[in-house]
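These notes are about the structure you will find just below.
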Amino acid sequence: MVLTRIGETQAAAAARIGSTRQTVAHWQHTYASRRDVEDDQREGRPRKLTEEEEQLLVMTSVVEPFQPPQQLKRKLQMDVSPRTIDRRLIEADLHGRVARKRFELTDEHVRKRLSFAEGYKNWTEQQWETVLFTDETSFKGAGFHGQVWVRRPPGQALNPEYTVDKKPHPVKVHFWGCFSANGVGYSYIFNENLNAKLLKTIIKANLLPSAELLFPQDPPQQWWFLQDNDPKHTSREIKTWLHNKGVSCLDFPPYSPDLNPSENLWNDMARRLEKSQADDQNQLQDAVAEVWTGTAKDLLKTLAHSMPRRCQAVIDAKGYYTSF
């Protein structure tokens, strides 16, 4: 509120607050007539679509969610820009996003996912702390970029200031690791393609030593083994070795990355690896090993404790994919 003090002139008030005498006079008059200094509500730019057109736009987008604004404009013959259509859809809480790719589940896949979730939904967080989670993934070094967003002026798409450098063949390594709520176990970094024979070699060398490291052995603690249901993991050789070693396995359903917290761990590692910008195999292997051993135990415990929620989410989704 801009008002003069008692006995103060408009010019003196303007000098005190760093404004003009006309501004002081304006707000004095406004307060005297309305007893407040709030701005009048502005109507803004009139909307280009009628209420009926906006309802039709939203309904069409709900029915055909893969239609971009440009196609919706042509389909509905609307005389507005695609940007206007996008804004109206955002107002309706229909945001444009990159669609996730998922394997199409069969009835048998859904049944197995539900069976797993129902079977373990009552396991406590403490019980999940006795599970050794394993999986494999790949990590890439400098020169690899996924989708990178940039704000640039029109016509500047190829300006080096707004582009990212991409090597023809960025360095890459494969990684196998295991972890529990107590920490990370042993890992294995390799360059060749993974098959059942190599996987058996990795498991034989790392699984039991990791269990001894992560689970108390005096007295011996019961622990469980969870791995992906990929055919390499379920080969007869590996099943026989696990059985002969007395390893208790959880019957994990196929095509269920949302039930395996390893996926979240790989994403966390990839984000931390971006800082290394490794240029060759040795640098990338060293960076992966450092990131692996530097994984926070709080994160691993959180991932293990997420399993009851993951199981319940699958049940709520009637066996289909969840947001995990």
With both bridge residues required to lie in the chain, what share of the DSSP beta bridges run antiparallel, to the nearest 5%?
75
Regression test value, accessible area per residue of the chain, probe 1.4 Å, units Å², expected 65
Enumerate the amide H contacts of L132 below 5 Å, restricted to partners 5 or more residues apart or on another chain; note that Pro and chain-start residues carry no placed amide H.
W224, F225, L226
Globularity index of region 221-324, i.e. its alpha-carbon radius of gyration over 2.2 N^0.38 Å:
1.29
Total formal charge among the other residues, if their Cβ is under 12 angstrom from that of R87, Lys/Arg +1 and Asp/Glu -1
+2
Heavy-atom accessible area with a 1.4 angstrom probe orders C249, C178, most exposed first, as C249, C178
Return a single number: how many Lys pairs in region 197-282, at a sequence separation of 8 or more or on separate chains, have alpha-carbon atoms below 18 angstrom apart.
9
Put V58, V131, V63 in order of accessible area, largest first, 1.4 Å probe: what do you get?
V63, V58, V131
All alpha-carbon distances of the chain, grouped into 20 Å bins from 0, give the whole-percent distribution 21, 37, 25, 14, 3
Rounded to the nearest 500 deg cm²/dmol, what is the calculated helix-only ellipticity per residue at 222 nm for the chain, with -39500 (n - 2.57) per DSSP H run of length n ≥ 4?
-13500 deg cm²/dmol
Rounded to the nearest 10 Å², what accessible area does M59 have for a 1.4 Å probe in the complete protein model?
130
Just add up the charged neighbours of D135: K/R +1, D/E -1, any other residue whose Cβ is under 10 Å from the Cβ of D135.
-4
Spacing of the two label points (7 Å from each Cα toward its C-beta) at D79 and T20, in nm:
4.1
Leaving ligands, DNA and RNA out of it, report the carbon-plus-sulfur percent of the accessible area of the chain at a 1.4 Å probe.
49
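The values are calculated or read from the model by the stated rules, or taken from the named source; none is laboratory data. This one's a predicted model, so the numbers in the text were calculated from it and none came from an experiment. No Cβ is skipped: glycine too gets one built from the backbone with ideal geometry, and neighbour counts run over all protein chains shown. Only protein heavy atoms, including side chains, enter the accessible area calculation; ligands, DNA and RNA are left aside. Shrake-Rupley method; radii C 1.70, N 1.55, O 1.52, S 1.80 Å.
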